[in-house]
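Here the structure comes first, spelled out in structure tokens, and everything after it is commentary.
The values are calculated or read from the model by the stated rules, or taken from the named source; none is laboratory data. These numbers were taken from a predicted model, which means no experiment stands behind them. Don't worry about glycine lacking a Cβ; one is built from the backbone with ideal geometry, like all the others, and counts go over all protein chains shown.
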Amino acid sequence: MTPGDGGAPPRPVARPPVRYARPQYWNANTLTWWERLYLPEVLRGLGITTGVFLRNMAKWLTGRRGAVTTYYPEERRPDFAPRNRGKHVLTQRPDGSPQCIACNMCATACPAKVIEIEPGFDPDDPAHPKYPVRFEIDYSRCVFCGLCVEACPEDAIRMEPDVPDLVATDRYNMWLTMDEMLTWRPQADVAKPYPPKPVPLTLSPSVQRGRAPSNP
Ligand code: SF4
Ligand code: SF4
């Protein structure tokens, strides 16, 4: 039967209900009837919190150490995780100059846009003529994400686990300079060593004599 031919509309076909198999999570809660009452468990949680609070308060009032809190920067902890992303380091070439080639990839990748690089040009070094004249990071805005380290193609920038002396009372004093990044914890074990800078070719006197045009 088609619409418009005057007959009754077709009745929808009854289908059996679909039963989906819901996933069973490994940590799915199985509550007892006591826990399903909720209120006793809420009161039990409040009791635990209050007990910890009173215990720590009693310790502080009697001159002992309470909750384990580090009061940075007055207190420093030495136990940073080995892969913690802390202070930046610029690695060095064998002659002590920065390994950085001022390619700007770290500054481009930086989500906070806090890296400023001013490149220089050394025409006497054809293998790596660009170098950073100025390389600074604004630590008042750095989010310590490590993307600059990952973006660097030269292993020129790294992050040490610890974070010494990062606090300041003036955000304009929180610029990390190139000198500090080179000298704070000097590192020259780069994964991509540079070829040494070429030295001008000098011929020995005997070779020069041999090359001199002979007298007629
Ligand atoms: S750690 Fe992140 S925010 Fe800080 S300079 Fe590197 S890329 Fe930028
Ligand atoms: S630190 Fe690395 S990515 Fe950044 S400018 Fe230098 S060479 Fe390029």
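Annotations for the structure displayed:
- Unmet requirement for ASP124, which otherwise passes all of (1) more than 25 Å from ALA188 (Cβ to Cβ); (2) modelled with pLDDT under 95: (1)
- Residues within segment 88-103 that are within 14 Å of ligand 1 (Cβ to nearest atom) and farther than 12 Å from VAL149 by Cα, tallied: 0
- The requirement of being modelled with pLDDT of 95 or more and exposed (fewer than 15 other Cβ atoms within 10 Å of the Cβ) is fulfilled somewhere in segment 148-157, by at least one residue.
- Any hit, segment 161-169, residues being without any contact (Cβ under 8 Å) to a residue 40 or more places away in the chain, away from ligand 2 (no atom under 12 Å from the Cβ) and in contact with a Phe, Trp or Tyr (Cβ under 7 Å, 6 or more places away or on another chain): no
- No other residue among THR91, THR108, THR50 is away from ligand 2 (no atom under 16 Å from the Cβ), modelled with pLDDT of 95 or more and among the hydroxyl-bearing types (Ser, Thr, Tyr) apart from THR50.
- Among the residues making up segment 135-145, a single one is loosely packed, with under 15 Cβ neighbours inside 10 Å and within 15 Å of ligand 2 (Cβ to nearest atom): CYS145.
- A residue that is touching a helix residue (DSSP H, G or I) at 6+ places or on another chain (Cβ under 9 Å) and assigned to a loop (DSSP other than H, G, I, E, B) occurs somewhere in segment 54-64.
- Residue that is modelled with the lowest pLDDT [pool: residues in segment 53-82 that are among the hydrophobic types (A, V, I, L, M, F, W, C) and more than 30 Å from PRO161 (Cβ to Cβ)]: TRP60
- Put simply, of PRO119, PRO132 the only residue that is crowded, with 16+ Cβ neighbours inside 10 Å, more than 7 Å from ligand 2 (Cβ to nearest atom) and modelled with pLDDT of 95 or more is PRO119.
- Residues of segment 125-159 satisfying the condition of being charged (D, E, K, R) and in a loop (DSSP other than H, G, I, E, B): ASP125, ARG141, GLU154, ASP155
- Within segment 108-120, not a single residue is closer than 14 Å to TYR194 by Cβ and either among the basic types (Lys, Arg) or over 17 Å from the mean Cα position of the chain (by Cα) (or both).
- Some residue of segment 86-98 being over 20 Å from LEU166 (Cα atoms), more than 24 Å from the chain's Cα centre (by Cα), of a type in the set (D, E, K, R) and outside any strand (DSSP E or B): yes
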